Amino acid sequence: METFCDASARQGGFFGRHRPATLYYHGSLYTGDPTRRNAAAMLVEDGKILWIGDDAKQALKRGEIAESWEREVDLEGRFVCPGFIDSHMHMAEYGKLLTEVPLSDHTDSIRQVCDRVRDFIRENQIPEGTWVCGRGWNQDYFQDERRFLTCHDLDQISTRHPIYLARACGHVVTVNSRALEAAGVTRETAQPADGHFQTDDKGEPLGIFEENGVLLVKKAIPAVTVARLKEYLEAAARSLNSFGITSVHTDDFLSIPGADYEMVLQAYRELEREGRLPIKVYEQAQLADPKRLKEFLEKGYCTGTGTDYVRIGPLKIIGDGSLGARTAFLSEPYEDRKGTCGIPVFTQEQLDEMISHANRHGMQVAVHAIGDRIMEQVISAYEKALRECPRRDHRHGIVHCQITTRALLKKIEELSLHTYIQSIFLDYDSKIVESRVGEKRAKETYQFAALFHMGQGMSNGSDSPVETPDVMKGIQCAVTRASLDKTRTFLPDQALTVEEALASYTVMGARASFEEEKKGMFRAGMAADFTVLDRDPFRVPPEELGTITAVQTYVDGVLVYDRGSATCPDRIR
């Protein structure tokens, strides 16, 4: 049974109340520290590591430990590593998904999607007129017809409920006729400049919205309350803890209808004050336009402001779409759809303006860029910004960084850009990348090993809810370069070692938030964020890494997840 600590137990450790010195011993500790790779014990007090080594009693006698400890916790020989850091996800959306129609477990037909939504409405007795939302369908998994859902499909479910179903990537949404009506979208509606909605041969909307075209219908969904948003965030945090995750870099500001950045930050701060935020948050601040960015900075927000639990990270910009939806912006047409190169969200001038303004005001920048053409534009904007206002340690970055070229990799290295990869994407993308971009172009994509060995910083994440935030499955894909069902291996020369994959989810994630001196490894003075696994990833076959699970998760020395305890206390001897 999986259980979590209650709020009162968490509050003491998170907000300064004294936590007694505790010795964790009889463990197989992987430190992530190149000066000492392994240890057997660790002494923790008030959320910080005081000492790490093999024999605490001998260390006490030698004076390496100043005072004795009050508690002991037997790790029972298990593998322990620094807490996992998911360096790119959407925490509020993930929490919202946990309350909606579950479509993310590879629904394999249009009929199955419709049946699942229909069952959800019936089982939850959803009143007519209430919006029904879900996310996770993927037309490439459909066995009946490999096409996008349309309003006609969803009308077979209900015409009395507005229905909104997002593709797994979140860059395409299908709605039914009732939702089109609520949004006021008709054949007379103009196409948005930075998105699209599909129509039939008579010009009637098909209910399919792409990129910022999604906003045409999203605005009709009733706004969320702060209380509801807090429920989403807390549900997400609890789930993330169960995967051994102790910190996230999350993009939330434009993800929930009606929740602006002030509401999102209010929800996080209230959870922190109430002792209900068992995870450390680095907010990738997505702001829709230059005006909103300037307003944000004028209010005093900037990279690094906040606390260890709720802190502002980089300006987040969405540059293009997704490979699966064929909206990632490529320099040449898609191999399997010659009529399109994808959809850029901003012009070069807009990217230049936003990135230069953020850079000039000391803000880190992270841009979602999947296609090679959008990466060229983003790199051009970074070059311009840094030429006008040089910064030695900017840590600007590219999120996803999938359809690369040798020239792009060289530029990434020259500009010392951080890259945020999602190795779990190989589970699906390894099966489609060659059909999307062609075999020749595919050979230079998903260059994880090349990026890691540049030494500029490459961290890992899930892009959840695009993928489930299961770190060990992400590590398996990084090491094997294969889909989880083992049917497809892609560019095995770009595989990471287990140690490199662990680094991408720990110290590299800390580096992306300028916190490599605070967390991401076991060293005296650093945060006691750690994860206990049921098996040692260095001792299992690579193709079994994804079956390893978290047994316990600690944040600042507080046990926030325990797979086997009903009350979630530290086990004390």
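The values are calculated or read from the model by the stated rules, or taken from the named source; none is laboratory data. All values derive from a computational prediction rather than experimental measurement. Because the Cβ atoms are built from the backbone with ideal geometry, glycine has one as well, and the counts that use them run over all protein chains shown. Surface areas here come from the heavy atoms of the whole protein model, side chains and all, with no ligands, DNA or RNA. Shrake-Rupley method; radii C 1.70, N 1.55, O 1.52, S 1.80 Å.
Brief remarks on what is shown
- Selection from the stretch 248-278 of residues that are in contact with a helix residue (DSSP H, G or I) (Cβ under 8 Å, 6 or more places away or on another chain) and either open to solvent by 30 Å² or more (accessible area, probe 1.4 Å) or within 11 Å of MET89 (Cβ to Cβ) (or both): VAL248, HIS249, THR250, ASP252, SER255, MET263, GLN266, GLU270, GLU274, ARG276
- Some residue of the stretch 136-147 being open to solvent by less than 60 Å² (accessible area, probe 1.4 Å) and within 21 Å of VAL471 (Cβ to Cβ): yes
- Within the stretch 231-247, being open to solvent by 40 Å² or more (accessible area, probe 1.4 Å) and not in a loop (DSSP other than H, G, I, E, B) holds for GLU231, ARG238.
- LYS473 at pLDDT 95 or above and surrounded by fewer than 18 Cβ atoms within 10 Å (Cβ to Cβ): no
- Within the stretch 364-382, tally of residues that are surrounded by fewer than 24 Cβ atoms within 10 Å (Cβ to Cβ) and of a type in the set (Ser, Thr, Tyr): 1
- Neighbours by Cβ (under 6 Å, 6+ apart or cross-chain): first from the stretch 132-143, farther than 13 Å from LEU97 by Cβ and of a type outside the set (D, E, K, R); second open to solvent by 10 Å² or more (accessible area, probe 1.4 Å) and at pLDDT below 90: ASN138/ALA168; GLN139/ARG146; TYR141/HIS106; TYR141/ASP108; GLN143/ASP108
- Count of the stretch 118-129 residues which are open to solvent by 60 Å² or more (accessible area, probe 1.4 Å) and either within 22 Å of LEU149 (Cα to Cα) or in contact (Cβ under 8 Å) with a residue 12 or more places away in the chain (or both): 3
- In this structure, THR99 does not qualify as modelled with pLDDT under 95, of a type outside the set (Lys, Arg) and open to solvent by less than 10 Å² (accessible area, probe 1.4 Å).
- Counting only residues that are part of a loop (DSSP other than H, G, I, E, B), touching a strand residue (DSSP E or B) at 6+ places or on another chain (Cβ under 7 Å) and open to solvent by 20 Å² or more (accessible area, probe 1.4 Å), the stretch 305-340 holds 4 of them.
- Within the stretch 56-88, the set of residues being loosely packed, with under 14 Cβ neighbours inside 10 Å and without any contact (Cβ under 8 Å) to a residue 40 or more places away in the chain comprises LYS57, GLN58, LYS61, ARG62, GLY63, ALA66.
- Residue selected from the stretch 114-148 under the condition at negative phi and in contact with a Leu (Cβ under 6 Å, 6 or more places away or on another chain), by the criterion modelled with the lowest pLDDT: ARG135
- Residue check, ALA503 open to solvent by less than 30 Å² (accessible area, probe 1.4 Å), of a type in the set (A, V, I, L, M), touching a residue at least 60 places away in the same chain (Cβ under 8 Å) and closer than 26 Å to ILE256 by Cα: no
- Residues of the stretch 279-300 satisfying the condition of being in a loop (DSSP other than H, G, I, E, B), out of contact with any helix residue (DSSP H, G or I) (no Cβ under 8 Å at 6 or more places or on another chain) and closer than 28 Å to VAL555 by Cβ: GLY300
- Spans of helices (runs of 4 or more DSSP H) in the stretch 141-230 with at least 3 residues closer than 29 Å to PHE329 by Cα and either under 29 Å from the mean Cα position of the chain (by Cα) or among the aliphatic types (A, V, I, L, M) (or both): 177-183, 215-218
- Test: residue in the stretch 347-363 that is closer than 30 Å to VAL433 by Cβ, buried (at least 24 other Cβ atoms within 10 Å of the Cβ) and either within 18 Å of the chain's Cα centre (by Cα) or modelled with pLDDT under 95 (or both): no
- One residue alone among LEU415, LEU409 is surrounded by fewer than 24 Cβ atoms within 10 Å (Cβ to Cβ) and without any contact (Cβ under 8 Å) to a residue 40 or more places away in the chain, and that residue is LEU415.
- Going through (1) within 28 Å of the chain's Cα centre (by Cα); (2) farther than 30 Å from ARG147 by Cβ; (3) charged (D, E, K, R) one by one, ARG71 falls short only on (1).
- Qualifying residue in the stretch 249-259 (condition: farther than 30 Å from ALA510 by Cβ and without any contact (Cβ under 8 Å) to a residue 40 or more places away in the chain): yes
- Check on ALA385, buried (at least 19 other Cβ atoms within 10 Å of the Cβ), not in a loop (DSSP other than H, G, I, E, B) and not charged (D, E, K, R): yes
- Residues that are closer than 27 Å to THR307 by Cβ, hydrophobic (A, V, I, L, M, F, W, C) and either at pLDDT 65 or above or assigned to a loop (DSSP other than H, G, I, E, B) (or both), drawn from the stretch 1-47: CYS5, PHE15, ALA21, MET42, LEU43, VAL44
- Candidate set from the stretch 522-565 (those that are closer than 17 Å to THR506 by Cα and either among the hydroxyl-bearing types (Ser, Thr, Tyr) or at pLDDT below 95 (or both)); member that is surrounded by the fewest Cβ atoms within 10 Å (Cβ to Cβ): THR549
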